[in-house]
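I have placed the structure first, in the form of structure tokens, so that the comments after it can refer back to it.
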Amino acid sequence: MDFTGISKILIIRLSSLGDILLTTPLIRSIKIKYPNVSIDFIIKKQYKELLLHNPYLSNIIEYTPESPHKKDLFYKLQNNNYDLIIDLQNNFRSSEIRRKLSVMTFKFNKRTLDKFLLVKFKIDLLKNIPQLPERYSQSIPGFCLDGKGLDLFIPPTYVSQLIDNEKYIGFAPGSRHFTKMWPQDYYIDLGNTLIKDGYKIVLLGGKEDLQTCYHISTKIPGSLNLSNDDKVYNTAEDMKHCRALVCNDSGLMHIACALQIPVLAFYGSTVKGFGFTPYKNENIILEIQGLYCRPCSHIGRDNCPEKHFRCMKELTPQSAYDKLKLLLNTK
């Protein structure tokens, strides 16, 4: 792709936490390669903080679908006179934005049919495909990333209550979907094993994880429950003090990757082929390979359709402990 004549780009990725962080290598790579290009990003309000201090962006625009705000939004976008749209969302909401602006557009290939075939019929056409940041970059013909990882820029005003050089291990046990969550009792078992080794457990999560983090913290003596009301910078600053993060396939996993915190991640109903794996960061993924019912969803489910939940229950605390020790020893 030749960017000659292009001065303003609009990137569309409205949600959610992990997906947005996975766009940051593309943002950075475009800006570094073409420093005179202005890049705007349109995003839902609740995720704006993820990009608020990103130096590679010129403007962050809040997506406001409600009337009459939508009319004002489209008017603003039209007056920005973009030369190019990069649509990394590629759904009916982003297509509406594209239609209103009517400029040259590159769209992310979501591989919807391939995901359907893998989930419903276990026909795997996603084996060995690139991770999501690279697939995002492939939306632009001939464009390559710079080979570096994810970005999350935290303002210096945020200070953690955690102490430097302590043996903290972060636990991020939450997820929007039950089938992406390693059992709480397993987190408790692992945490109690780790405290015998002199580690301190820090519970991290957002608004939806408050109850889960509280329950686990009450069962692990000396653990710190630092879950909060979706305060991304606070969570990230706390996470920076951890020697590793134990987590599910979730947005907090990608925050850890942006901060270069080693990750031990559990994959249950989802699989690596969907592309949402730790990017350019030390990690170990625990999963039950060859299980007949995996994946049962590309985003997760509220319950196990087979009723046995083997994909998570067979990932034992002992196996997690062994892999985590390996990860810590290689740091």
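The values are calculated or read from the model by the stated rules, or taken from the named source; none is laboratory data. From a predicted model like this one, the values you see are computed outputs, not experimental measurements. Methodologically, a virtual Cβ is constructed for each residue, glycine included, from the backbone with ideal geometry; neighbour enumeration extends over all protein chains shown.
Could you tell me which residue of segment 1-17 is surrounded by the most Cβ atoms within 10 Å (Cβ to Cβ), considering only residues that are β-branched (Val, Ile, Thr) and touching a strand residue (DSSP E or B) at 6+ places or on another chain (Cβ under 8 Å)?
My answer is Ile12.
Would you mind telling me which numbered condition in (1) at pLDDT below 95; (2) over 24 Å from Pro305 (Cα atoms); (3) under 23 Å from the mean Cα position of the chain (by Cα) Phe171 fails?
Going through (1) at pLDDT below 95; (2) over 24 Å from Pro305 (Cα atoms); (3) under 23 Å from the mean Cα position of the chain (by Cα) one by one, Phe171 breaks only (1).
For segment 126-140, give me each residue that is of a type outside the set (A, V, I, L, M, F, W, C) and at pLDDT below 95.
Answer for segment 126-140, where residues must be of a type outside the set (A, V, I, L, M, F, W, C) and at pLDDT below 95: Lys127, Asn128.
Output yes when any residue across segment 157-175 is closer than 21 Å to Gly251 by Cα, touching a Pro at 6+ places or on another chain (Cβ under 6 Å) and surrounded by fewer than 22 Cβ atoms within 10 Å (Cβ to Cβ), and no when none is.
So far as segment 157-175 goes, no, none of its residues is closer than 21 Å to Gly251 by Cα, touching a Pro at 6+ places or on another chain (Cβ under 6 Å) and surrounded by fewer than 22 Cβ atoms within 10 Å (Cβ to Cβ).
Within segment 151-196, take every residue that is among the polar types (S, T, N, Q) and part of a loop (DSSP other than H, G, I, E, B) and give me the one that is farthest from His241 (Cα to Cα).
Only one residue tops the list, namely Ser175.
Which condition does Gln89 not pass, out of (1) of a type outside the set (A, V, I, L, M, F, W, C); (2) part of a helix (DSSP H, G or I); (3) touching a Lys or Arg at 6+ places or on another chain (Cβ under 6 Å), if it passes all the others?
Result: Gln89 passes all but (2).
Among the numbered conditions (1) in contact with a strand residue (DSSP E or B) (Cβ under 9 Å, 6 or more places away or on another chain); (2) farther than 16 Å from Ile97 by Cβ, tell me where Pro35 comes up short.
Going through the list (1) in contact with a strand residue (DSSP E or B) (Cβ under 9 Å, 6 or more places away or on another chain); (2) farther than 16 Å from Ile97 by Cβ, Pro35 breaks only (1).
Among the residues of segment 131-161, which ones are closer than 14 Å to Tyr56 by Cβ and either among the acidic types (Asp, Glu) or in contact with a strand residue (DSSP E or B) (Cβ under 7 Å, 6 or more places away or on another chain) (or both)?
The answer is Asp146, Asp151.
Out of Arg93, Arg111, Arg98, which single residue is in contact with a Pro (Cβ under 8 Å, 6 or more places away or on another chain) and in the same structural domain as Pro35 (by TED's automatic domain parsing)?
Arg93
How do the strands (runs of 3 or more DSSP E) wholly within segment 208-318 filter down when requiring 1 or more residues that are crowded, with 22+ Cβ neighbours inside 10 Å and under 21 Å from the mean Cα position of the chain (by Cα): which remain?
Here the list reads 242-248, 263-266.
Taking only pairs six or more apart or across chains, which ones have beta-carbon atoms under 6 Å, a first residue in segment 248-267 that is over 20 Å from Pro295 (Cβ atoms), and a second residue that is at pLDDT below 95?
Between residues of segment 248-267 that are over 20 Å from Pro295 (Cβ atoms) and residues that are at pLDDT below 95, the close pairs are Pro262/Lys331.
Residue under question is Asp40, and the condition is that it be over 23 Å from Gly273 (Cα atoms) and touching a Ser or Thr at 6+ places or on another chain (Cβ under 8 Å); does it hold?
Yes; evaluated as a whole, the condition is true for this residue.
Being of a type in the set (Ser, Thr, Tyr), closer than 21 Å to Ile299 by Cβ and part of a helix (DSSP H, G or I) is the requirement here; does Ser139 meet it?
No, not satisfied.
Condition check ((1) more than 25 Å from Asn54 (Cα to Cα); (2) touching a residue at least 24 places away in the same chain (Cβ under 8 Å)) across all residues:
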{"residue": "Asn81", "(1), (2)": "no, yes"}
{"residue": "Glu96", "(1), (2)": "yes, no"}
{"residue": "Ser102", "(1), (2)": "yes, no"}
{"residue": "Phe108", "(1), (2)": "no, yes"}
{"residue": "Lys115", "(1), (2)": "yes, yes"}
{"residue": "Val119", "(1), (2)": "yes, yes"}
{"residue": "Leu150", "(1), (2)": "no, yes"}
{"residue": "Phe153", "(1), (2)": "no, yes"}
